[in-house]
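These notes concern the structure reproduced below.
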C-alpha cells in the first residue's frame, strides 16, 4: 500500500513505472509473493539513474542541498540517510579500522596471492 495519500500514491506509481514498465519487470500486482521460494527471482526490474551534478548545477546544487539539510535539521529531524555511514567513515579515518588478528592474516594472505 502506498503511503502519504495521493502524493504517496503518485510516488508509488512512479516507482512502478520506472522499475517495472520501463525495464520489462513485473508490476507488484503481477507477482504472487505467497509462493515465492527464496532466491528465485520474481523478474523484478531494476533501474539506476546516475546524475552528475557537475554537468548541471555543480556548486549551486551542493549549496542548495546543504540548505535543505539545514532546514530539515531546523524542523527537528535529527537523523538523515547516510549519517551513520559518514560518522563511521570519519572515525575510521581518524582511528583506523579494528580487525581481529585472524581476519588481518586472511586479508594479508589474499594480498600476497
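Looking at the range 31-58, which of its residues are in contact with a helix residue (DSSP H, G or I) (Cβ under 8 Å, 6 or more places away or on another chain) and either surrounded by 12 or more Cβ atoms within 10 Å (Cβ to Cβ) or at pLDDT below 70 (or both)?
42, 44, 45, 47, 53, 57 - these are the residues of the range 31-58 that are in contact with a helix residue (DSSP H, G or I) (Cβ under 8 Å, 6 or more places away or on another chain) and either surrounded by 12 or more Cβ atoms within 10 Å (Cβ to Cβ) or at pLDDT below 70 (or both).
Just one of the numbered conditions (1) under 24 Å from residue 11 (Cβ atoms); (2) in contact with a helix residue (DSSP H, G or I) (Cβ under 9 Å, 6 or more places away or on another chain); (3) in a loop (DSSP other than H, G, I, E, B) is not true of residue 99; which one?
Unmet condition: (1).
Here's a check for you: in the range 71-113, which residue that is exposed (fewer than 10 other Cβ atoms within 10 Å of the Cβ) and closer than 25 Å to residue 53 by Cα is farthest from the chain's Cα centre (by Cα)?
79
The values are calculated or read from the model by the stated rules, or taken from the named source; none is laboratory data. What you are looking at is a predicted structure, and each value in this text was computed from that prediction instead of being measured. Backbone-built Cβ (ideal geometry, glycine too); neighbour counts: all protein chains shown.
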